[in-house]
Amino acid sequence: MKKTVLVSGGAGFIGSHVTVELCQAGYDVVIADNMSNCDETNYKGVCAILSRQLPFEKVDFCDAAAANALFDKYHIDAVIHFAAFKAVGESVAEPLMYYKNNLDSFLNVLEAARSHGTHVLFSSSATVYGEPDNPPVTEQSPRQEATSPYGNTKQMCEDFLRDCVKAYGMHGIALRYFNPIGAHPSALIGELPRGVPNNLVPYITQTAIGKRECLSIFGNDYPTPDGTCLRDFIDIVDLAQAHVCAVTRMIDGKMEEPYEIFNVGTGRPVSVMELVNAFEKVNKIKLNYRIAPRRPGDVMAIWADPALAEKKLGWKAKRSVEETLASAWAWEKRLAEAGK
Ligand code: WQD
């Protein structure tokens, strides 16, 4: 009997890639999304990659009754919760919108999971570590005061999951992502930022394709080897495969604690400048960029110690930065061909 996974926010960048990997690993997947932050591109791409229509439910998880009805309609063995707003800067300007949306939606998912005996996998973020004193960070590294309402919602949702596991005998895993980049090798799904991209790689690819005039590199005067910030850029397919390992760990009853946290990163620090140079080299493109002032709130250096995920999930990032940047560029070219 195939197990069923509900992917909330499944029409988005990470949700769609996780859906593909889950299906290819033998799970049945129900995609639920309110489509507030994406269009049908990735859902159609997922169906094209899998050569079949997946069950899709248009649901706003802030609607408790609608969220619960999903768990009544389908027998859900595990839910992966992606449905949330995720723009750091926007969250500073609109804290109420972020707290209501990101917290209400997860609380409704937890309530429904509790009453239906469903395992919960939460999409967390390395942002919970703030500016680490000595990277790489392990899961035991202290969380630091959130620097944005967005980051605060990630910390609060981790605590909601932890407390529900303790109180109600549920099982939950939080995956702390570092910087997901790239696109599926088919170039049928990828990152679809709305408006001007906040994140580095979509800004690079949009500059390379001519949608943006010039990439601004936010600061090259940091005390780092080349003066630009250091990050742990992880391929989106590697990230998606970590979710399959985590869901399988829960469903197969292999968890050692009822609440577990894993860093999902490569363990490889790469600077902004190194990433730009790698993009130019692998795609044979000269990128138009300038050095701009530092961006407020930016962390100077953070990367993962991914040893725990390797040991307990049997997962390790496999793809090189070059391979990932080639996939990001192929996706941007596909979007341009489609007039997007
Ligand atoms: C990376 C580096 C920028 C854009 C954020 C969220 C995090 C997660 C990933 C959701 C920084 C520099 C960027 C540009 C630049 N999101 N940069 N020019 O800030 O590490 O993480 O996205 O979970 O929670 O905080 O990612 O891609 O925005 O920036 O120089 O046009 O690239 O200064 O050093 P970040 P990012």
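For this structure, a couple of remarks:
- Residues (surrounded by 16 or more Cβ atoms within 10 Å (Cβ to Cβ) and under 18 Å from D39 (Cα atoms)) located in region 185-204: A187, L188, I189, G190, E191, L192, P193, P197, P202
- Test: residue in region 110-123 that is within 16 Å of the ligand (Cβ to nearest atom) and of a type in the set (D, E): no
- Residue match in region 258-279 (condition: within 16 Å of the ligand (Cβ to nearest atom), of a type outside the set (D, E) and free of Cβ contacts under 8 Å to residues at least 24 places away in the same chain): yes
- Where helices (runs of 4 or more DSSP H) fall wholly inside region 189-293, the ranges with 2 or more residues that are in the same structural domain as H81 (by TED's automatic domain parsing) and over 15 Å from the mean Cα position of the chain (by Cα) are 236-251.
- Only a single criterion out of (1) under 23 Å from A146 (Cα atoms); (2) in contact (Cβ under 8 Å) with a residue 24 or more places away in the chain; (3) open to solvent by 40 Å² or more (accessible area, probe 1.4 Å) is not satisfied by A307, namely (1).
- Any hit, region 191-204, residues being more than 10 Å from the ligand (Cβ to nearest atom), at pLDDT 95 or above and not polar (S, T, N, Q): yes
- Residue in region 224-231 that is buried (at least 18 other Cβ atoms within 10 Å of the Cβ), in contact with a Cys (Cβ under 8 Å, 6 or more places away or on another chain) and among the aliphatic types (A, V, I, L, M) present: no
- Number of the exception - N134 against (1) in a loop (DSSP other than H, G, I, E, B); (2) in contact with a strand residue (DSSP E or B) (Cβ under 9 Å, 6 or more places away or on another chain): (2)
Residue-wise test of (1) open to solvent by less than 40 Å² (accessible area, probe 1.4 Å); (2) away from the ligand (no atom under 14 Å from the Cβ); (3) of a type in the set (A, V, I, L, M); (4) at pLDDT 95 or above.
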| position | (1), (2), (3), (4) |
| --- | --- |
| K211 | no, no, no, yes |
| F218 | no, no, no, yes |
| L239 | yes, no, yes, yes |
| V247 | yes, yes, yes, yes |
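- Set side by side, the residues D232, D298, D305 differ, and just one is closer than 15 Å to L175 by Cβ and within 12 Å of the ligand (Cβ to nearest atom), which is D232.
- When I173 is tested against (1) in a strand (DSSP E or B); (2) out of contact with any Leu (no Cβ under 6 Å at 6 or more places or on another chain), only condition (2) is not met.
- Per-region count, region 308-326, residues within 16 Å of the ligand (Cβ to nearest atom) and under 16 Å from I189 (Cβ atoms): 1
- Counted residues, region 142-167 - those being open to solvent by 20 Å² or more (accessible area, probe 1.4 Å) and away from the ligand (no atom under 16 Å from the Cβ): 8
- Taking (1) out of contact with any strand residue (DSSP E or B) (no Cβ under 6 Å at 6 or more places or on another chain); (2) open to solvent by 20 Å² or more (accessible area, probe 1.4 Å) in turn, M170 satisfies each apart from (2).
- Qualifying residue in region 8-16 (condition: part of a loop (DSSP other than H, G, I, E, B), touching a Pro at 6+ places or on another chain (Cβ under 9 Å) and modelled with pLDDT of 95 or more): no
- Boolean, V272 is out of contact with any Phe, Trp or Tyr (no Cβ under 7 Å at 6 or more places or on another chain) and crowded, with 17+ Cβ neighbours inside 10 Å: yes
- Selection from region 38-73 of residues that are in a loop (DSSP other than H, G, I, E, B), in contact (Cβ under 8 Å) with a residue 60 or more places away in the chain and surrounded by fewer than 17 Cβ atoms within 10 Å (Cβ to Cβ): D39
- First in region 196-218 and small (G, A, S), second anywhere and within 8 Å of the ligand (Cβ to nearest atom) and at pLDDT 95 or above, Cβ under 9 Å, 6 or more apart: A208/L215; S216/Y203; S216/A292
- For region 280-295, taking the residues that are open to solvent by 60 Å² or more (accessible area, probe 1.4 Å) and closer than 28 Å to Y129 by Cβ, the one that is nearest to the ligand (Cβ to nearest atom) is identified as R295.
The values are calculated or read from the model by the stated rules, or taken from the named source; none is laboratory data. Given the structure is predicted, the values throughout are model-derived calculations rather than measurements. Cβ sites come from the backbone with ideal geometry, for glycine too, and all protein chains shown count toward neighbours. Protein only, heavy atoms only, side chains kept; ligands, DNA and RNA dropped before computing areas. Shrake-Rupley method; radii C 1.70, N 1.55, O 1.52, S 1.80 Å.
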